[in-house]
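> Sharing a structure below in structure tokens format, with a few things to ask.
None of the figures in this text is laboratory data; all of them are computed from the coordinates on show. Since we're looking at a predicted model, the values are computed, not measured. Backbone-built Cβ (ideal geometry, glycine too); neighbour counts: all protein chains shown.
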Amino acid sequence: MRIAFLIDEFPSLSETFILNQIVGLLDRGQEVDIYADSPGDMSKVHPEVESYQLLSRTYYTQMPPGRSRRIPKGIRLFLANFHKAPRMLLRALNLFEYKYSDYGDQAALLRLLYSAIPFLGKQPYDIIHCHYGRNGTRGAILRDIGVLQGKLIAAFHGFDISTYIDRYGESIYEKLFARGDLFQPIGENWKRRLIELGCEEKKIMVHRMGIDCTKFSFTPRQPDPNGSIRLVSIARLVEKKGLEYGIRAVAKLARDNPNIEYKIAGDGFLREDLQQLIRELNLSKQVKLLGWQQQQEILALLKWADILLAPSVTSSAGDREGIPVTLMEAMAMGLPVVSTQHSGIPELVQDGVSGFLVPERDVDALADKLEYLIGHSERWPEMGRAGRAYIEECYDINKLNDRLVEIYQQLISP
């Protein structure tokens, strides 16, 4: 099968779940092309991007942000490519057809033209797999104007059915729901939301993101002989990750546990705010912001740690998590988890079995559960084994990718 992936950014260190699907499909003999708005941070790239030569399969829209650059470049692209597909490119100019009120940012000035150009001259696809609802909308329009062919799948993750809907309204996916062939929320939580938004239930199939369990070695956790308590978070430094509350919880514990260490891997626009909070709480020795880490560095951190802390929250703008892949990776390696009753996380972490879940933004509750685990280290191996077993059962990417191929085949069969 020929499969086109429509995504925001590639490669992206924070979206290994998309990479896992792409690599898994290639391993299963499928032909995959990647269409992205822009490249990610090329200074740190997942090894599989290079080993599978994925950049040679990637095509970028690269639409300039401002009108002063976007319009002149768009005119040049239009004139240079008009002879290839005159009717399609005229429709891609979107002079009157696709309204901003119906299609949101996908109907922005010349966006469809920039999106259409990379597809010109390509053979038809069997499947158009769009990650995030807004890319599903784009795929539906591109198929409508004839640039794309194939069955359309849209995967929903988190912000696309939280913040994005708050911005554009609850009817923003109405046209997509009518035109798309299959919708894949990553959990039951988001399936219910899609139904609330008006999607037909028969078009919805939960398909979880997953990890390759063979790449995450399980190790039962044991207390450090020197008495150190090692906590880790792997997250972008943005509001919905709730790291402020994790840091404040550690501050409560540090008074009685001077050997506590908390390492946070990731970067983002809140870095300076979090660094200031660490200084204000006198935690500079205990809490370290490590910045972006490559996959091997992430594995080393998860091997080092005793407990994973994931204090996710709903942001002030309404942004929410899906089901964080870093939690899956940590559980696969045997880490007990302390997280929150947020979004799809309760579908992954079994409260009291593989970790503990507390209300969002509840610093005292986070500190209480961390303190309990610190004082009951005999439970770490038991929780770790439970987490590993659950990941192998429900979130193994190899099983999920086998299922994904079956779904594709069923979708294209007459």
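> Set the Förster radius R0 to 22 Å, insert the Cβ-Cβ distance between Asn398 and Val206 as r into 1/(1 + (r/R0)^6), and round the FRET efficiency to 0.05.
0.75
> Something else now. How many angstrom lie between the C-alpha centres of segment 246-268 and segment 193-218?
Segment 246-268 and segment 193-218 have Cα centres separated by 32 Å.
> Work out from phi, with θ = phi - 60° and the Karplus expression 6.51 cos²θ - 1.76 cosθ + 1.60, the ³J(HN,Hα) of each residue of segment 250-267, listed in order in whole Hz, and give x for Gly and Pro.
Along segment 250-267, the couplings run 5, 4, 5, 6, 5, 4, 9, 10, x, 8, 6, 10, 9, 10, 10, 9, x, 9 Hz.
> Within 10 Å, count the other beta carbons around each residue, average over each peptide in 102-108, 66-72, 271-277, 127-133, and list them highest first.
In descending order of packing, they fall as 127-133, 102-108, 271-277, 66-72.
> Roughly how many Å is it from the Cα centre of segment 372-410 to that of segment 37-72, as a whole number?
If we compute the Cα centre of each part, the gap is 32 Å.
> Just check segment 206-256 against the gyration tensor rule for me: Cα atoms, a ≥ b ≥ c as the square roots of the eigenvalues, rounded for a/c under 1.5, and otherwise prolate or oblate depending on whether a/b exceeds b/c.
oblate
> Okay, moving on. Order of Glu360, Glu50 from fewest to most other C-beta atoms within 10 Å? Let's see the in-between values first.
Numbers: Glu360 18, Glu50 11.
In order of increasing Cβ crowding within 10 Å: Glu50, Glu360.
> OK, next. After finding the eigenvalues of the alpha carbon gyration tensor for segment 213-394, what semi-axes result from the square roots of 5 times each, listed largest first in whole Å?
22, 19, 16
> Shifting gears a bit: Once you charge only the Cβ atoms, +1 for Lys and Arg and -1 for Asp and Glu, what is the size of the charge dipole of the chain about its Cα centre, to the nearest 20 debye?
In total the dipole reaches around 1420 debye.
> Report, for the chain, the % of DSSP beta bridges that are antiparallel, rounded to 5.
0
> If the reach is capped at under 29 angstrom between alpha carbons, list the lysines near Lys84, excluding any in the same chain fewer than eight residues apart.
Here the lysines satisfying the reach criterion relative to Lys84 are Lys73, Lys99, Lys122, Lys151, Lys175.
> Next up: Cut-off 10 angstrom, C-alpha nodes, Gaussian network model of the chain. Which of Gly266, Gly187, Gly375 fluctuates the most?
Gly375
> Between Arg138, Arg167, Arg111, find the one with the highest GNM mean-square fluctuation for the chain; connect C-alpha pairs within less than 10 Å.
Result for the chain, Cα springs under 10 Å: Arg167 fluctuates most.
> Between Leu26, Leu13, Leu231, where does the largest GNM mean-square fluctuation fall for the chain, given springs only between Cα atoms within less than 10 Å?
Of Leu26, Leu13, Leu231, the most mobile in the Gaussian network model is Leu26.
> Give the order of Met331, Met209 when sorted by the count of other beta carbons within 10 angstrom, beginning with the fewest.
Met209, Met331
> Additional query: Which of Asp212, Asp144 has the fewest other C-beta atoms within 10 Å, and how do the rest follow up to the most?
Asp144, Asp212
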